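The values are calculated or read from the model by the stated rules, or taken from the named source; none is laboratory data. Everything numeric here is computed off the predicted structure, so don't read it as measured data. A quick note on method: Cβ atoms are made from the backbone with ideal geometry, for glycine too, and the neighbour counts reach across all protein chains shown.
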Amino acid sequence: MEATARRRPAFARERAFFFWTAFAMIASVFIGFSATWFLRPWLEPPGFPPLTPLVWLHGLVFTGWAALFMTQVSLVSAGRTDLHRKLGMAGVGFAVVLPIIGLFASLYGALRASGPPTIPPMTFLAVPLLSIPAYALLLVAALRARRDPAKHKRLMLLTMAIFTAPALGRIPIFPGPTGFVLMPLTFVAALWVWDKYALGHIHKATRWGSLVVAVSLLLPLAIGFTAPWLAFAKWATGLVA
């Protein structure tokens with residue numbers, strides 16, 4: 001009884017950390033895509049290409065995923081792990097659909113120059129194309145680890161850190177690499193700080209998952225402006241032209 005009572009404040013703090021970190025991620029996605037998606041009827045960006053069926057599909061599916069993620073975190077925070085487990089099966093469908101839609105939407109977006117205005121479209125294409133396999137890897141790993149709550153929630157949080165990169169890269173106050181690299185990595189850093197505080201060490205899932213996130217965000221900086229990448233981007237976008 002006494003041991004259980006001592007653990008309750010720790011559980012409450014952990015739930016609060018994951019809830020508010022998730023909330024900050026979803027808020028970042030909303031702000032980053034407000035002009036081009038969420039609030040487009042009121043904040044129509046000048047010169048932005050019109051919405052097409054693929055853009056609609058991409059927006060609706062990724063919005064659904066963000067909503068599911070925040071709902072799941074909220075259920076755990078409220079102690080409704082029973083509903084969390086039942087709703088979690090929807091994540092399996094998203095694990096299959098998200099990478100496929102993300103791939104085609106990224107190639108199509110580069111052709112439409114719908115990325116951040118300060119970065120050449122073919123260069124920015126490296127961000128989503130390198131993020132998609134990392135995103136899929138972490139999401140599948142998180143779903144496989146759903147019976148291990150500590151591992152599962154850390155991998156899900158790191159999955160969403162990748163998800164925020166295209167959104168943060170579109171916020172004017174975070175220009176260029178600051179938005180799509182540095183800001184998403186602050187979520188990773190926050191998880192490291194939490195692990196050190198709560199566990200006294202860095203969880204294994206945090207360590208290897210953070211490496212996947214870092215590589216997926218930093219590699220575009222290394223290759224995005226190179227001739228081989230630009231040639232590949234031109235060839236890849238030609239497949240959907």
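Going by the conditions given, is TRP194 more than 22 Å from ALA113 (Cβ to Cβ) and either surrounded by 16 or more Cβ atoms within 10 Å (Cβ to Cβ) or aromatic (Phe, Trp, Tyr) (or both)?
Numbers: more than 22 Å from ALA113 (Cβ to Cβ): yes; either surrounded by 16 or more Cβ atoms within 10 Å (Cβ to Cβ) or aromatic (Phe, Trp, Tyr) (or both): yes.
Answer is yes for this residue.
Identify, from the list ARG170, ARG207, the residue that is surrounded by 16 or more Cβ atoms within 10 Å (Cβ to Cβ) and either more than 13 Å from the chain's Cα centre (by Cα) or of a type in the set (D, E, K, R) (or both). Can you show your working first?
Working: ARG207 fails: surrounded by 16 or more Cβ atoms within 10 Å (Cβ to Cβ).
Answer to the selection: ARG170.
Look at SER114 and say whether it is more than 19 Å from ALA233 (Cβ to Cβ) and surrounded by 16 or more Cβ atoms within 10 Å (Cβ to Cβ). Please lay out each step first, then the result.
On the way: more than 19 Å from ALA233 (Cβ to Cβ): no; surrounded by 16 or more Cβ atoms within 10 Å (Cβ to Cβ): yes.
No; evaluated as a whole, the condition is false for this residue.
So if I check each of LYS153, LYS196, which one is over 23 Å from PHE30 (Cα atoms) and out of contact with any Pro (no Cβ under 6 Å at 6 or more places or on another chain)?
On the way: LYS153 fails: over 23 Å from PHE30 (Cα atoms).
Within the list LYS153, LYS196, the selection yields LYS196.
Where residues in segment 147-167 are small (Gly, Ala, Ser) and within 30 Å of ALA10 (Cβ to Cβ), which of them is surrounded by the fewest Cβ atoms within 10 Å (Cβ to Cβ)? Working first, answer last.
First pass over segment 147-167, keeping only residues small (Gly, Ala, Ser): 150, 161, 165, 167.
Among the residues that remain, those that are also within 30 Å of ALA10 (Cβ to Cβ) are: 150, 161.
Values: ALA150: 16, ALA161: 31.
The residue in question is ALA150.
Count, please, the residues in segment 163-210 that happen to be at pLDDT below 90, among the small types (Gly, Ala, Ser) and not in a helix (DSSP H, G or I).
Going through segment 163-210 one residue at a time, the tally reaches 2.
Can you report the number of residues in segment 201-241 which are of a type in the set (A, V, I, L, M) and in contact (Cβ under 8 Å) with a residue 60 or more places away in the chain? Spell out the reasoning first.
So the first thing to find is which residues in segment 201-241 are of a type in the set (A, V, I, L, M), and the list is 202, 205, 211-215, 217-219, 221-223, 227, 230-231, 233, 236, 239-241.
Filter again for in contact (Cβ under 8 Å) with a residue 60 or more places away in the chain, leaving 205, 212-213, 215, 217, 219, 223, 230, 233, 236, 239-241.
The total comes to 13.
Can you spot a residue in segment 43-55 that is farther than 30 Å from ARG146 by Cβ and surrounded by 17 or more Cβ atoms within 10 Å (Cβ to Cβ)? Walk me through how you get there before you give the answer.
Our first condition is that a residue be farther than 30 Å from ARG146 by Cβ; within segment 43-55, this holds for 43-55.
If we keep only those that are surrounded by 17 or more Cβ atoms within 10 Å (Cβ to Cβ) too, we end up with 55.
Looking for residues that are farther than 30 Å from ARG146 by Cβ and surrounded by 17 or more Cβ atoms within 10 Å (Cβ to Cβ), one finds at least one in segment 43-55, hence yes.
So which helices (runs of 4 or more DSSP H) are wholly in segment 16-116 and hold at least 1 residues that are under 15 Å from the mean Cα position of the chain (by Cα), among the polar types (S, T, N, Q) and modelled with pLDDT of 90 or more? Quick ask: steps written out before the conclusion?
Working: elements: 53-77, 81-87, 90-112.
Result: 53-77, 90-112.
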